[in-house]
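Before any comments, here is the structure.
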Amino acid sequence: MKGLVLRVRLISGDSMDVTYDDPSAGSENEVIDHVVDTLSQGSGVLRCRHGDRLLVLYARGVAAVEVAPRGAVL
């Protein structure tokens, strides 16, 4: 899987598009389940990319997550 594009809305009201890539996951649904499970924990952390930059996304700062069906423009 190439990477899943997520639109993340932060508690502050800002939003950003990030790419999450999990080479060990098989299908897109498994990756989505992993993201949801991780962010549902208070101490959940995801390593994502925003353009060329590595981004660490902490669950406590996330208000909502959308999965982009065709990918967002990064």
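I need a count of the residues in the stretch 21-52 that are at pLDDT 90 or above and over 18 Å from Arg9 (Cα atoms).
Of the residues in the stretch 21-52, 1 are at pLDDT 90 or above and over 18 Å from Arg9 (Cα atoms).
Just the residues that are touching a residue at least 12 places away in the same chain (Cβ under 8 Å), more than 19 Å from Gly61 (Cβ to Cβ) and surrounded by fewer than 14 Cβ atoms within 10 Å (Cβ to Cβ), please, taken from the stretch 2-25.
Lys2, Asp21, Pro23
Could you check, for the stretch 42-63, whether at least one of its residues is touching a residue at least 24 places away in the same chain (Cβ under 8 Å), among the β-branched types (Val, Ile, Thr), assigned to a strand (DSSP E or B) and surrounded by 15 or more Cβ atoms within 10 Å (Cβ to Cβ)?
Checked against the condition, which is being touching a residue at least 24 places away in the same chain (Cβ under 8 Å), among the β-branched types (Val, Ile, Thr), assigned to a strand (DSSP E or B) and surrounded by 15 or more Cβ atoms within 10 Å (Cβ to Cβ), the stretch 42-63 yields at least one hit.
For the stretch 1-22, give me each residue that is in a loop (DSSP other than H, G, I, E, B) and of a type in the set (Gly, Ala, Ser).
Correct list: Gly3, Ser12, Gly13.
The values are calculated or read from the model by the stated rules, or taken from the named source; none is laboratory data. In this text, all values refer to a predicted model and were calculated from it rather than measured experimentally. All Cβ positions, glycine included, derive from the backbone under ideal geometry; neighbour counts span all protein chains shown.
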